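Scroll down for the structure; my scribbles are underneath it.
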Amino acid sequence: MGQTTGDAVVVAEGLRKRFGSTEALAGLDLTVPAGTVYGLLGPNGAGKSTAIRIFATLTRPDAGRALVAGHDVVRDAVRVRHRIGLAGQYAALDEGLTGRENLHIFGRLFHLTGRTARRRADDLLDRFDLAHAADRLVRTYSGGMRRRLDLISSLIVSPAVLFLDEPTTGLDPRSRNEIWQTVRELVADGMTVLLTTQYLDEADHLARHIAVIDHGRVVTSGSPEALKAELGGRIDVVVRAVAELDTAAPVLARLAGSAPDVDVDQRLLSVPISADAVSLPSVVRLLDQAGVDPEDVAVRRPTLDEVFLRLTDRARPTDGPTDGTTDGTTDRTTTTKETVG
């Protein structure tokens, strides 16, 4: 048996890795709890794939240590390999073989008997809705089918931990949803999934916990909702007449404790707030009491994209759109006094 680390299935302590003059990991600390999807986010070159390769025993760290399923990835690499599955950024399939033949070969590579490998392949093809294409050459599969086959090929030995390195890159929305559903089913069965992705909505949909890494170390971690709450939100108010801007501005200033930004051309006032600190009805009620009849009111919450950009400091999010639309989660109403009261 390996060392136990409480409920943690993947643990990194001070991981460092350098490739020539490039420091890929600069003291990475990470704790991944069991039975969940854990998202590892970061810009290109942040160290995500290097971390996955170390956890999967494909690369040795220069310093620090990593435990996977209780085993040290350097000293107990063979034991680790028997407890993990890995689906990389590109499907590792032989396109000249059928789906069933690919899975059978993977089973034999894991030292399963021929009969056990065939049975396991059939079970996986049935469960993940690929039985109808099992005897077709993989070169005839759609992109989504190939990624799904590649993913289930990593499940031949029922791993405790599954590493998914950008599993839906290049897929259409329907295929992405199929992969997402597969991941949810695996976690429901008790598997732990460590996911790296460039799609922030993917992490938002799947991950219970997220770590954002930049320059080879974790810069923050928490649930998607907690990370968004730290960034705060905004109130956007569009008034019906330019003359109402001066009346509405003090109302928003009292709510937020700071003067709002004003866009005269758009008749828009915008002010930052703490996340969930202000409700939409309360904003409308206060404006009504001040004699302002707004055309549009929105309490806008940040997206995970904005959190990512702010934390990694590669780009700065704007204060908010000026066309009346948002890409965030927004409580919005186009009001009349009768609809809000």
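Per-structure values
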quantity: Beta bridges per DSSP with both ends in the chain, % antiparallel, nearest 5; calculated: 70
quantity: Average Cα contact separation per residue, region 1-152, under 8 Å, 6 or more apart, as relative contact order %; calculated: 19
quantity: Percent antiparallel among DSSP beta bridges (both partners in region 15-166, rounded to 5); calculated: 70
quantity: Solvent-accessible area, 1.4 Å probe, carbon plus sulfur percent, for region 1-63; calculated: 47
quantity: Considering only region 161-271, percent of DSSP beta bridges that pair antiparallel, nearest 5; calculated: 70
quantity: Segments 84-92, 115-123 sorted - mean Cβ within 10 Å per residue, highest first; calculated: 84-92, 115-123
quantity: Between helix 99-109 and the chain: long-axis angle, C-alpha atoms, 0 to 90°, nearest 10; calculated: 60
quantity: All Cα pairs of region 58-139, percent lying beyond 17 Å; calculated: 59
quantity: Per residue solvent-accessible surface (Å²) - region 67-181, probe of 1.4 Å; calculated: 48
quantity: For region 221-270: accessible area per residue (Å², 1.4 Å); calculated: 47
quantity: Candidate values (i) 20.5; (ii) 22.7; (iii) 19.9, label of the one derived for Kirkwood radius over Cα pairs in Å; calculated: (ii)
quantity: Computed over the chain: relative contact order in percent, which uses C-alpha pairs under 8 Å that are six or more apart; calculated: 17
quantity: Helix-derived mean residue ellipticity, 222 nm - over the chain, DSSP H n ≥ 4, -39500 (n - 2.57), to 500; calculated: -9500 deg cm²/dmol
quantity: Cα-based Kirkwood hydrodynamic radius, region 1-136, one decimal, Å; calculated: 16.9
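The values are calculated or read from the model by the stated rules, or taken from the named source; none is laboratory data. Predicted, not measured: the structure shown is a model, and the values here were computed from it. Ideal geometry is used to build each Cβ from the backbone, glycine not excepted, and the neighbour counts take in all protein chains shown. Note: accessible area is taken over every heavy atom of the protein model, side chains too, but ligands, DNA and RNA are not part of it. Shrake-Rupley method; radii C 1.70, N 1.55, O 1.52, S 1.80 Å.
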